[in-house]
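A.B. asks: Let me give you the structure first, and then I'll get to my questions.
No value in this document is a laboratory result; all are computed from the given coordinates. Since the structure is predicted, the reported quantities are computational estimates derived from the model, not experimental observations. Using ideal geometry, Cβ is built from the backbone for each residue, glycine included, and neighbour counts are taken over all protein chains shown.
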Amino acid sequence: MEYALFLGCNIPARLNQYETSARAVLEKLGVGWVDIREFNCCGYPLRNIDFKVFLLSSARNLALAEKKNLDVMALCKCCYGSLKKADYLMKENVSLKKEVNGTLEKEGLKYEGRIEVKHLLSVLHKEIGIEAIKGKMAMTFKGLRIATHYGCHALRPSQVVGFDDPVAPSLFDQLVEATGAESVDWPMRLECCGAPLWGINDRLSMDLTLKKLADGKKSGADYVCAACPYCHIQFDKVQKMILSQTNVNHPLPSILYTQLLGLSLGIDKKILGLEMNEISISGIEELLVKEPELTEQKELAEKKEPKKETESTKQ
Amino acid sequence: MFLTASLYVALAIFGLALIYKVSTWFRFKIGIESTQISTPKRFFAAVKGILSTLFSARILTLLKVFLLDVLLQFRILKEDTLRWVMHICIYAGFFLLLFMHALDKYITVAIWKNYYSTINPFMFLRDLFGVLVIIGVAIAIYRRFILKVPRLFSKAMDIYAIILVAVIMLSGIFLEATKMIAYSDYQRMVNEYSGLSDPQELKALEAYWVKEFGTVSPNLRGPFDEKTLAQGKDLHQSSCAECHARPQWAFAGYGTAKVIRPIGLGIDQARLPSILWYIHILACFVGLAYLPFSKMFHIFTSALSLLANSVMEKGKSSPANIATRQALELDACTHCGTCSLRCSVIMAFEEIKNMNIFPSEKIASIKALASGKELSAGELKHIQEGVYLCTNCYRCTVVCPVGINLQDLWFNVRETLLQKGYPEFFALSPLSFYRGLMREETVQKDYEKPLIRAREAIASQCDLMKRKEKVLPLTPADRPLQSGLNLSAQAKTFSVCFGCQTCTTVCPVVSNYENPQEVLGLLPHQIMHAAGLGLRDLAFGSNMLWDCLTCYQCQEQCPQGVSVTDVLYELKNLAIKHVREKAL
């Protein structure tokens with residue numbers, strides 16, 4: 001199982017903890033990846049400006065991955081949505097494909113549509129599976145209530161992305177619950193985080209973010225959990241900026257899914273970059289418990305293994 | 001006399017230009033903050049900053065960076081091995097030649113008391129270093145014109161630099177070669193150093209040099225008998241060898257000499273060695289005088305940029321020093337194109353033909369801007385658009401071999417230009433996300449101005465929107481609008497809209513307002529209608545278009561399968577295209 005890891009622009013520049021935690025989690029779960037340096041912007045921020053620029057940018061990435069015969073794994077929902085859209089258009093629209101490939105040809109590239117675009121969450125859910133993930137847990141959370149945030153561009157337009165049921169998705173909830181946390185039921189869980197308008201219309205963006213976060217809190221969540229740099233930055237850094245301007249004092253801190261999963265996989269919190277979040281999430285560690293049964297089984301397994309080793313060395 | 005005068009002229013130009021250039025680092029203004037800081041203040045802040053760094057633990061960082069990045073150039077190695085080989089060849093070869101050969105009277109002699117340019121290892125090393133530079137120049141030419149490294153743009157400045165270095169090196173090697181075969185040079189050496197006068201001895205020595213070292217003599221031509229050669233060899237050993245290694249050691253010159261030997265007499269008669277000598281020396285002087293104006297100035301500025309950036313940090317370092325560093329960085333750029341190669345948005349150039357999209361080309365425009373030169377509105381708009389078309393991924397900054405903090409440069413230039421009042425339509429895209437995150441570092445009271453200005457500039461083009469009493473024609477007003485909305489096959493679907501308003505009902509933006517129409521203008525279903533009727537003004541002029549989250553709720557839930565969000569996207573594209581073409 002090997003993917004072309006698509007980090008996009010935001011993660012390396014502004015959300016290093018997502019990159020380090022994702023790499024650590026993937027390594028622990030045995031997912032391989034290749035970094036393609038030539039990748040460029042997925043095209044998402046350019047789509048407001050020029051459709052062709054968006055499509056060319058996106059398709060160039062797909063062509064680069066296809067050249068290496070690798071499926072793409074995106075960590076960002078907006079990158080995922082854009083790459084999916086481009087993939088869809090390149091497969092559906094022959095004349096567009098011809099035009100785009102005509103431009104890509106200048107660099108010796110072309111996209112034939114032989115690869116798949118996946119988000120990290122779908123790789124975890126479909127390729128590894130909930131049971132396999134549970135089998136690798138070092139610890140689980142007890143009494144942790146999470147507001148699971150799906151992210152618009154992963155879910156919709158469902159015809160293009162095919163991530164999960166757009167009306168009643170459960171993929172991310174299952175992944176969150178695999179860590180032992182409870183994924184709370186909250187009315188606004190499928191709503192937008194507000195990030196697409198941050199920088200364009202801050203007041204509107206702020207309204208939407210606050211509304212959503214308040215709904216999460218009201219539904220009993222301790223943290224909101226995202227798997228997208230835009231959503232997370234909006235819930236983390238932007239929430240902090242908003243709170244400093246308003247009289248709302250109690251934030252709903254955001255944790256990246258790879259941080260949440262990483263903690264229960266027993267990955268070092270430095271690698272997970274817990275301290276790099278703007279709104280502190282350090283309290284979450286207190287809710288981690290070692291499951292006695294699980295540890296006993298592991299200890300037994302570990303005891304057996306060394307014996308085998310010694311036997312084999314004797315031979 | 002002529003050469004001494006030339007040297008002083010070159011030195012004077014170099015010195016004055018250096019002073020001028022350094023002064024620009026304290027005078028040029030980049031960013032709004034820098035306009036508040038006077039030149040003397042910047043100068044004293046720099047002195048203070050340098051002294052306090054030198055006498056602190058940060059000196060260790062400086063030493064490390066000096067060794068790894070300035071001397072060994074690890075940052076280039078990380079990018080591209082061939083390029084590193086190229087640069088090390090040119091830079092190491094050039095500097096070693098400068099110290100050992102050009103400044104031999106001052107440096108080499110001081111270290112090796114019995115230095116002669118004609119003895120080994122100096123004679124061999126001189127050629128070795130020269131050949132290194134030539135290999136480097138050859139790789140440079142190969143990369144630019146044969147391999148055609150993507151987005152490596154060759155400006156006149158880059159070509160001049162290659163030509164100048166090539167002329168200095170090749171003239172040097174040809175000079176050496178012609179001197180090897182020139183009879184008059186041979187005679188000069190014999191007269192000066194040998195002290196021989198016996199014609200038989202002179203003949204024997206000459207025969208030996210003709211046979212062994214390729215001197216072209218008008219009097220003697222081989223083959224020579226063993227006895228003469230043996231005598232010549234003895235004389236060579238006693239009179240010449242002590243101060244003159246076998247010319248074969250200067251392998252590049254010797255190889256060239258072998259090739260041109262057939263015309264050796266003509267070369268000597270035409271006094272080609274002295275012509276080449278003048279070319280060689282004058283090319284060096286030209287190089288010296290031109291250096292502060294050329295990309296070769298990076299010999300100084302790149303090192304300074306790397307060192308300054310290793311110990312400076314936004315927020316910690318004084319704003320005066322950051323302003324100075326940013327002006328210096330403009331001179332540190334070598335136009336190597338690494339930033340453009342790694343830039344995230346380069347594909348934009350395929351549709352938006354603005355060279356300022358490329359980071360490496362932006363620098364030149366920003367230089368003009370920072371110098372306070374009067375730029376036309378068109379030029380300013382192009383630079384503004386170029387700096388806005390950036391996802392702020394920091395890749396340019398990470399890969400810059402000379403450590404320029406390009407990201408900060410773009411940010412400062414962006415904010416300065418945005419306040420000049422030209423609407424920037426690209427601000428109405430998620431490219432603004434970063435600006436929103438950096439909101440606290442912008443001038444607070446002016447933060448929203450560019451956003452409002454862009455919206456107003458678009459709305460001002462929409463006459464129908466402004467009229468209170470809207471009288472609409474019964475036939476579609478703008479057929480090209482409808483046919484224009486076909487970029488993605490899905491976007492044509494608005495014609496099947498039957499006006500159920502589901503899109504508007506589920507829109508989180510609409511439901512955020514008590515009286516949405518007042519704030520947003522047309523609502524999603526109305527925009528679908530307007531598009532269907534070809535009412536361009538109504539579709540373009542609504543705030544709804546720019547306040548769309550692209551969350552796809554409307555599109556997902558439309559019972560008729562109208563690609564509402566995609567249509568909104570395309571309307572935005574058309575609106576921007578329409579106003580941008582008029583504005584530029």
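A.B. asks: Can you tally the net charge around residue A:144? Count Lys and Arg as +1, Asp and Glu as -1, for every other residue whose Cβ sits under 12 Å from the Cβ of residue A:144.
C.D. replies: Here the count lands on -3.
A.B. asks: What fraction of the DSSP beta bridges in chain A is antiparallel, stated in percent and rounded to the nearest 5?
C.D. replies: On the way: 2 of 21 bridges.
Among the beta bridges of chain A, antiparallel pairing accounts for roughly 10 percent.
A.B. asks: Mind listing the Cα extents of the protein assembly as shown along all three principal axes, in Å, largest one first?
C.D. replies: 116, 88, 58
A.B. asks: Taking Cα centroids, how far is the range B:223-263 from the range A:69-105 in Å?
C.D. replies: 69
A.B. asks: Also, I was wondering about something else. For the Cα atoms of chain B, what angle does the longest principal axis make with the long axis of helix B:359-370, in degrees from 0 to 90, nearest 10?
C.D. replies: It is inclined by approximately 90 degrees.
A.B. asks: Mind counting lysine pairs for me in the range B:314-378? Cα separation below 25 Å, and the two need to be 8 or more apart along the chain or on different chains.
C.D. replies: Taking the range B:314-378 as the scope, the lysine pair count is 6.
A.B. asks: Which far-off residues, 5 or more places away or on another chain, put their amide H under 5 Å from the one on residue A:6, with H placed in the peptide plane?
C.D. replies: A:73, A:74, A:75
A.B. asks: Another one. Under 12 Å from the Cβ of residue A:4, count the other residues' Cβ atoms, weight Lys and Arg +1, Asp and Glu -1, and hand me the total. Walk me through the numbers on the way to the answer.
C.D. replies: Working: positive: A:37, A:67, A:68, A:118; negative: A:2, A:35, A:38, A:66, A:71, A:116.
Charge balance near residue A:4 sits at -2.
A.B. asks: Among DSSP beta bridges lying fully in the protein assembly as shown, give the percent that are antiparallel, nearest 5.
C.D. replies: Roughly 10 percent of the beta bridges in the protein assembly as shown run antiparallel, per DSSP.
A.B. asks: Further question on the same structure: To the nearest 500 deg cm²/dmol, what mean residue ellipticity at 222 nm is calculated for the protein assembly as shown from DSSP H runs of n ≥ 4 alone, each contributing -39,500 (n - 2.57), summed and divided by the residues?
C.D. replies: Numbers: 47 runs with 492 residues, N = 899.
Roughly -16500 deg cm²/dmol at 222 nm, from the helical runs in the protein assembly as shown.
A.B. asks: Going by alpha carbons, how many degrees (0 to 90, nearest 10) lie between the helix axis of B:319-332 and the longest principal axis of chain B?
C.D. replies: 60
A.B. asks: With point charges of +1 on the Cβ of Lys and Arg and -1 on the Cβ of Asp and Glu, referenced to the Cα centre of the protein assembly as shown, which listed residue (B:533, B:454, B:256) lies farthest in the positive direction of the dipole?
C.D. replies: The residue sitting farthest along the positive end of the dipole is B:256.
A.B. asks: Right, something else. Compute the Cα gyration tensor for the range B:7-55, then decide on rounded, prolate or oblate, letting a ≥ b ≥ c be the square roots of its eigenvalues: rounded whenever a/c is under 1.5, prolate when a/b is larger than b/c in the other cases, and oblate in all that remain.
C.D. replies: Working: a/c = 3.74, a/b = 1.56, b/c = 2.39.
Taking the square roots of the gyration eigenvalues as a ≥ b ≥ c, the range B:7-55 is oblate.
A.B. asks: What is the angle, in °, between the Cα long axis of helix B:406-418 and the longest principal axis of the Cα atoms in chain B? Nearest 10 is fine, range 0 to 90.
C.D. replies: 50
A.B. asks: With unit charges on the beta carbon (Lys/Arg positive, Asp/Glu negative), name the residue among A:188, A:56, A:83 whose Cα is farthest towards the positive pole of the charge dipole of chain A.
C.D. replies: The one lying farthest along the dipole's positive direction is A:56.
A.B. asks: With Cβ to Cβ distances under 12 Å as the rule, what net charge do the other residues near residue B:20 carry (K, R +1; D, E -1)?
C.D. replies: +1
A.B. asks: Also, quick follow-up: Just how large is the dipole of the protein assembly as shown about the Cα centre, in debye to the nearest 20, putting +1 at every Lys and Arg Cβ and -1 at every Asp and Glu Cβ?
C.D. replies: 1500
A.B. asks: How many angstrom lie between the Cα centre of the range B:1-44 and the Cα centre of the range B:281-318?
C.D. replies: With the range B:1-44 and the range B:281-318 each reduced to a Cα centre, they are spaced 12 Å.
A.B. asks: Using the charge dipole of chain B (Lys, Arg: +1 at Cβ; Asp, Glu: -1 at Cβ; taken about the Cα centre), state which of B:302, B:366, B:400 has its Cα farthest towards the positive end.
C.D. replies: Toward the positive end, the furthest listed residue is B:366.
A.B. asks: Another question, if that's okay. Enter the mean number of other protein chain beta carbons within 10 Å of the beta carbon of each residue in B:345-357, as an integer.
C.D. replies: What the average comes to for B:345-357 is 5.
A.B. asks: Right, here's the next one. Please list the non-local residues whose amide H lies under 5 Å from the amide H of residue A:193, H modeled 1.01 Å from N, same-chain partners needing a gap of 5 or more.
C.D. replies: A:152
A.B. asks: Would you mind checking which residues have amide H under 5 Å from residue A:144's amide H? H placed 1.01 Å from N; only 5 or more apart, or other chain.
C.D. replies: A:182
A.B. asks: Just checking chain A: which Cys have no other cysteine's beta-carbon under 4.7 Å?
C.D. replies: Flagged as lacking a Cys partner: A:41, A:78, A:225.
A.B. asks: Under the Karplus relation 6.51 cos²θ - 1.76 cosθ + 1.60, θ = phi - 60°, what is the ordered set of whole-Hz ³J(HN,Hα) values for the range A:145-153, x standing for Gly and Pro?
C.D. replies: Computed from phi, the couplings for the range A:145-153 are 10, 10, 8, 7, 10, 6, x, 4, 6 Hz.
A.B. asks: Looking only at the range A:135-292, where both bridge partners belong to it, what percent of the DSSP beta bridges are antiparallel (to the nearest 5)?
C.D. replies: Of those bridges, close to 20 percent are antiparallel.
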